[in-house]
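J.: Let me begin by handing over the structure; questions about it come next.
Each value in this text was obtained by applying a stated rule to the coordinates, not by laboratory testing. Just so you know, these numbers come straight off a predicted model, no measurement behind them. Here the Cβ positions follow ideal geometry from the backbone for every residue, glycine too, while neighbour counts run over all protein chains shown.
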Amino acid sequence: MAEIKILKNIMDENLSQAALNRQWFRSRKILALNLIASPGAGKTTFLEQTIKGLFPKYKLAVIEGDITGDHDARRIESLGVPVVQINTEGGCHLDAHMIDSVLSSLDLDGLKYLFIENVGNLVCPAEFDLGEELKVVVLSTPEGHDKPAKYPLIFSEAQAVIINKTDLLQAVDFDIEKAEHDIRRLNPNVPIFRLSCKTGDGLDKWLEWLGTQGTGNGI
Amino acid sequence: MHELAITQSLFKIVLEQAQKAGAVKVSRINLKIGRLTGYVPEAVEMNFNLLASGTIAEGAGLKIEWVPVKVLCRECQKESEQQDLGLGCSLCGSINVQIAGGREMYIDSMEVDNG
């Protein structure tokens with residue numbers, strides 16, 4: 001019996017592909033965003049509203065990740081934006097190889113933004129780097145203000161946090177100050193946007209911030 | 001559910017390294033896993049047993065050494081271990097911290113039989 005030293009990161013394979021994806025996006029000056037949220041947080045509606053604020057002024061594309069079906073992809077397509085669907089067939093997250101495998105099917109010429117809508121889940125997507133520039137977490141008020149405390153990794157990794165469905169604040173038991181306090185404990189400088197995709201309230205601030213992103217990386 | 005993806009990567013590394021070392025049997029795999037990861041030991045073990053069945057890693061045990069969450073405080077410049085995820089610096093109380101440990105997910109070593 002012998003003990004052999006390995007010292008290898010189990011996530012190495014995904015990390016290497018993510019690094020290639022990142023390099024690829026940066027060399028083409030594409031800002032890639034990985035949208036992560038629980039099921040029902042309003043991720044697709046948030047994406048639709050964001051697209052309406054940017055398109056057609058900017059060229060953009062969407063990668064839709066779902067366990068099965070193309071319901072969300074059809075919603076995005078109806079806005080006139082190119083979209084490619086990835087079905088994970090039971091998998092709870094997208095990974096860097098899945099992203100690489102669909103890039104060739106997108107028209108990337110002159111693309112400014114690539115939105116990747118991850119599978120609805122706050123746990124597993126946090127472990128898999130896709131090569132994105134920004135991880136954006138969408139939290140909605142009906143989910144409860146305890147989510148940052150219960151799912152610390154994804155909130156500590158995020159480059160922006162959206163608190164969606166603020167129009168429901170009167171109807172649900174959601175302490176927005178507590179949620180923001182917990183997010184800041186995990187990620188002190190992360191920008192937090194309170195908004196309602198239904199009323200449009202607060203979306204302008206998010207879009208304004210998004211417009212300032214990417215310049216530091218030559219994007 | 002992401003344990004399947006993690007286990008597939010783990011299994012691939014185990015087989016590659018075992019072959020490189022000329023092993024005929026892998027009996028134990030020593031892992032270092034951070035407390036901040038979503039690693040669920042039972043799920044990984046179940047997947048591993050399925051993948052390893054009929055290979056030189058069949059029956060190998062997965063031993064986990066849990067790595068605590070550590071933060072580096074940007075205020076007092078010191079590193080401290082955290083009992084409660086998401087708390088700030090346990091030394092000065094500042095919330096201006098960055099994660100310095102607890103995200104590890106790697107294979108430390110393997111115990112193999114070289115025949």
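J.: Can you give me the Kirkwood hydrodynamic radius for segment A:31-153, using every pair of distinct Cα atoms, in Å to one decimal?
T.: With all distinct Cα pairs of segment A:31-153 included, I get 14.7 Å.
J.: Nothing charged except the Cβ atoms of Lys and Arg (+1) and of Asp and Glu (-1): what's the magnitude of the dipole of segment A:1-56 about its Cα centre? Round to the nearest 20 debye.
T.: 300
J.: Still on this structure, please answer the following. Once each part is reduced to its C-alpha centroid, what is the distance from segment A:123-182 to segment B:1-60 in angstrom?
T.: Cα centroid of segment A:123-182 versus Cα centroid of segment B:1-60: 32 Å apart.
J.: Under a point-charge model restricted to the Cβ atoms of Lys and Arg (+1) and Asp and Glu (-1), what is the dipole moment magnitude of chain B relative to its Cα centre, in debye to the nearest 20?
T.: So the dipole magnitude of chain B works out to roughly 220 debye.
J.: Further, regarding this structure: Given the options A:110, A:73, A:156, identify the residue whose Cα lies farthest towards the positive end of the charge dipole of segment A:64-169 (+1 on Cβ of Lys, Arg; -1 on Cβ of Asp, Glu).
T.: A:156
J.: Sequence-distant or interchain residues sharing an amide H contact under 5 Å with residue A:175, placed H: which?
T.: A:145
J.: Please identify every one of the GluC sites (Glu not before Pro) in segment B:17-115 that sits in a loop by DSSP and has no more than 13 other beta carbons within 10 Å of its own beta carbon.
T.: B:58
J.: I'd like the mean, over residues of A:145-154, of how many other protein chain beta carbons sit within 10 Å of each residue's own Cβ.
T.: 3
J.: Out of the trypsin sites (Lys or Arg not before Pro) in segment B:70-115, which ones are loop residues according to DSSP with at most 16 other C-beta atoms within 10 Å?
T.: Answer by residue number: B:74, B:78.
J.: I'd like the antiparallel share, as a percent to the nearest 5, of DSSP beta bridges with both residues in the protein assembly as shown.
T.: 40
J.: Let's see if you can work this out: charge +1 on each Lys and Arg Cβ, -1 on each Asp and Glu Cβ, no other charges. What is the dipole magnitude of segment A:144-219 about its Cα centre, in debye to the nearest 20?
T.: Roughly 140 debye, rounded to the nearest 20.
J.: Now for a separate question. If you average the sequence gap of Cα pairs under 8 Å that are 6 or more apart and divide by the length of chain B, what percent do you get for the contact order?
T.: 36
J.: Something else now. Angle between the Cα long axis of helix B:41-52 and the longest principal axis of chain B, 0 to 90 degrees, nearest 10?
T.: 20
J.: Turning to a different aspect of this structure: Which cross-chain or sequence-distant (5 or more) residues have an amide H under 5 Å from the amide H of residue B:109, H modelled 1.01 Å from N in plane?
T.: For residue B:109, the qualifying residues are A:6, A:7, B:30.
J.: By the gyration tensor of its Cα atoms, with a ≥ b ≥ c the square roots of the eigenvalues, what is the shape of segment A:95-218: rounded for a/c under 1.5, prolate for a/b over b/c, or oblate?
T.: It is prolate, given that a/c is not under 1.5 and a/b is the larger ratio.
J.: What residue among A:84, A:96, A:51 has its Cα farthest toward the positive end of the dipole of segment A:22-120, where the charges are +1 on Lys, Arg and -1 on Asp, Glu, each on the Cβ?
T.: It is A:51.
J.: Something else about it: Could you pull out every Cys in chain A that lacks a partner Cys with its beta carbon under 4.7 Å away?
T.: Lacking a cysteine Cβ partner under 4.7 Å: A:197.
J.: Output wanted: per-residue J couplings in Hz (rounded whole) for segment A:181-198, from phi through Karplus 6.51 cos²θ - 1.76 cosθ + 1.60, θ = phi - 60°, x for Gly and Pro.
T.: Each residue's phi maps through the Karplus curve to give 4, 5, 5, 5, 5, 8, 8, x, 9, 5, x, 10, 10, 8, 8, 10, 6, 6 Hz.
J.: Moving on. Which percent, nearest 5, of DSSP beta bridges in chain B are antiparallel?
T.: Of all bridge pairs located within chain B, approximately 70 percent are antiparallel.
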